[in-house]
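Below: the structure, in C-alpha cells.
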Amino acid sequence: MIRKIIFVLLYLFLISCSRQSPRTDSQKAEPGLTPDKYFQEIYKKKRLIKADDQLMMSILDSLSSTSAKQSFYFVVFTKSMNGADGFISEGIGQSAFNFITTKTDKFAGYFNSLPELGTVDLNNWADHILGEIQVSNENRVEKAVSELESLLTKNVNQSGEERKLIIEKLNRRIRTKAKSL
C-alpha cells in the first residue's frame, strides 16, 4: 500500500516537473500522436520516445493486450525499456515482473521466435525485473531472486528446451546483476 502511495506521489511530482521544463522536439513525440502511431515510433526507433504521460503509460497496458497484435505490443513494451526513467521505469519494472511471473512460457516464446528481440532486450528485462525486486524486497533481494528463479524454472518445466534456455539466461542475468549490488 505504501509503495502504491509513493508511486502515485512520484507520478504527480513528475507530471508537475514536466510541465515546468519544456522539452525540445528531438526529445519527444509529436503532439496529438495516437497510441498506435506512438507504438510504431517506438518500434522503429527501438527505444522509448518521450511523450504525453498518458500516452507513455499506455505502453504498460499494451503488455496485457489480447489482440492479434500481442507480439507487436510485446516488442514495443520491450523496446520502451531502452531509455525509460523516472515514473515510467517504475511502471515498466512492475509490469515486467508481473508478466514474467504469470506468463513465463509466453515470454520465453516471444524471445525465442521474434527476431526483433536480442541480448540487449533480455538484459533490459533483467534490469527492470531486478529493479522491481529491489523496490519490493529491500532487505531480502538475494532470497527474492532465488524465489523468482525457482518460480520461472517451474513455470517452463513442461516447455521445450529452447524456452527453458531463455529463462535460464534471464535467471543467470538477474542473479549476476543482484550479486553485483
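The values are calculated or read from the model by the stated rules, or taken from the named source; none is laboratory data. Predicted, not measured: the structure shown is a model, and the values here were computed from it. As a convention, Cβ positions derive from the backbone with ideal geometry for all residues, glycine included, and neighbour counts pool all protein chains shown.
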Flag if SER65 is among the small types (Gly, Ala, Ser) and either outside any helix (DSSP H, G or I) or at pLDDT below 95 (or both): yes
Candidates SER18, SER26 - the one that is assigned to a helix (DSSP H, G or I), more than 16 Å from GLU90 (Cβ to Cβ) and at pLDDT below 90: SER26
The listed residue being in contact (Cβ under 8 Å) with a residue 60 or more places away in the chain, crowded, with 19+ Cβ neighbours inside 10 Å and part of a helix (DSSP H, G or I), out of ILE129, ILE166, ILE100: ILE100
Number of the condition not met by ASN82 [criteria: (1) under 14 Å from ASP121 (Cα atoms); (2) surrounded by 16 or more Cβ atoms within 10 Å (Cβ to Cβ); (3) of a type outside the set (Val, Ile, Thr)]: (2)
Single match in ASN139, ASN123 (criterion: surrounded by fewer than 15 Cβ atoms within 10 Å (Cβ to Cβ) and within 19 Å of ALA178 (Cα to Cα)): ASN139
Any hit, segment 54-61, residues being closer than 29 Å to ARG163 by Cα and either of a type in the set (D, E, K, R) or in contact (Cβ under 8 Å) with a residue 40 or more places away in the chain (or both): yes
Candidates SER159, SER150 - the one that is of a type in the set (Ser, Thr, Tyr) and either on the phi > 0 side of the Ramachandran plot or not in a helix (DSSP H, G or I) (or both): SER159
Unique match (being under 18 Å from the mean Cα position of the chain (by Cα), at pLDDT below 95 and exposed (fewer than 14 other Cβ atoms within 10 Å of the Cβ)) among LYS4, LYS50, LYS44: LYS4
